[in-house]
């Protein structure tokens, strides 16, 4: 477990303007709480915090935080929470938790897998379900990581939290039945039916036109509806001869 020293200064203002000013000056606003004391707003150098978090202990690094407030005060703390910029992922705020080196704490410890699972050669796939576990121990006894050799894993085998080997002075808090990793048979994905070839699609589109063109000239067409019969003409009535005139005989 690594242990580093970091300078911090108290900050009085808690407004947004002061926070922006701190960040422009390369400082990260934060707060220290725990061990029954009142929370203390602080500011730490961005470079110093990043360097501490990039040690082999990662987020579990122990930090001796020196507070400059007239008389120098130092507290041993751990990083409890980090806030980051949603786009740039820069640290924008840090929560420090003051600890007692003689009392146990809980911490998340990463799991490291070594070896090559035998089941992979049989077509299996190694799937990780849990990348870290929760442990309880004294601060100086927190492991940097927990190692597990997966070489003997066959298809269908699983690793549970109870299978992980930890030092005798470390207690695993994660539920024993929690699945850490498995070797599974890969899922078979059914392939979709291939799309019709362009030639076939073109032929399909031309079929109706070809069928229409195939009708020979002069071929009988559907009979037209019968015409309605014309109405018979009425015979004209003979006009009576004018009075006083007789028809001439031939």
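Please report the relative contact order for the stretch 36-174, taking Cα pairs under 8 Å with a sequence separation of at least 6, and give it as a percent rounded to a whole number.
Values: 205 pairs, mean separation 26.2, N = 139.
So the answer I get is 19 percent.
Take each of the peptides 120-131, 148-159, average the number of other beta-carbon atoms within 10 Å over its residues, and list them starting from the highest.
The most tightly packed comes first, giving 148-159, 120-131.
Tell me, what is the percent relative contact order of the stretch 64-113, built from C-alpha pairs under 8 Å that lie six or more residues apart?
Contact order relative to length: 26 percent.
Sort out for me the Cα centre separation of the stretch 145-178 from the stretch 31-106, rounded to whole Å.
30
Read-outs: derived from the displayed coordinates by stated rules, not from any lab. Computed from a predicted structure; not experimentally measured. Neighbour counts run over all protein chains shown; Cβ positions are idealised from the backbone, glycine included.
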